[in-house]
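Heads up: the structure comes next, in structure tokens.
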Amino acid sequence: MVLIAAFGAATLTAHAQLRPEVAKPLQAASDLLKAGKAKEALAKAREADAMGGKTANEQLVIDRMKGAAAQRVGDTATTIAARQPLPRRQRAK
């Protein structure tokens, strides 16, 4: 719970640097997590992740949201993948 609360504060700060089309599904995911709807939150985070042309900061915020939602759902593989540093994930593909 503390992790998600801390993430929420970081997300609000980072949203100032996100494009609206990326921020909108992430805000929805954050709201869904707060409402205890982790499965729906993960779907919204994946929606943001599917967008093209993301900046490194946008990808970082998306990954954090996906990790938080996946952890709540019990999706260990997604939780771990979302926590991997971006260069490491790119090499693993």
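The values are calculated or read from the model by the stated rules, or taken from the named source; none is laboratory data. Predicted, not measured: the structure shown is a model, and the values here were computed from it. No Cβ is skipped: glycine too gets one built from the backbone with ideal geometry, and neighbour counts run over all protein chains shown. Please note that ligands, DNA and RNA were not included when accessible areas were found on the heavy atoms of the full protein model with its side chains. Shrake-Rupley method; radii C 1.70, N 1.55, O 1.52, S 1.80 Å.
Below is a table of values for the structure above.
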{"quantity": "Candidates L42, L32, L3, filtered to the one that is at pLDDT below 95 and either part of a helix (DSSP H, G or I) or open to solvent by 50 Å² or more (accessible area, probe 1.4 Å) (or both)", "calculated": "L3"}
{"quantity": "Count of segment 56-77 residues which are in a loop (DSSP other than H, G, I, E, B) and in contact (Cβ under 8 Å) with a residue 24 or more places away in the chain", "calculated": "1"}
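Let's see how each residue does on (1) open to solvent by less than 80 Å² (accessible area, probe 1.4 Å); (2) more than 10 Å from the chain's Cα centre (by Cα); (3) at pLDDT below 95:
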site: R46; (1), (2), (3): no, no, no
site: I62; (1), (2), (3): yes, no, no
site: A70; (1), (2), (3): yes, no, no
site: A81; (1), (2), (3): yes, yes, yes
site: P85; (1), (2), (3): yes, yes, yes
site: R89; (1), (2), (3): yes, yes, yes
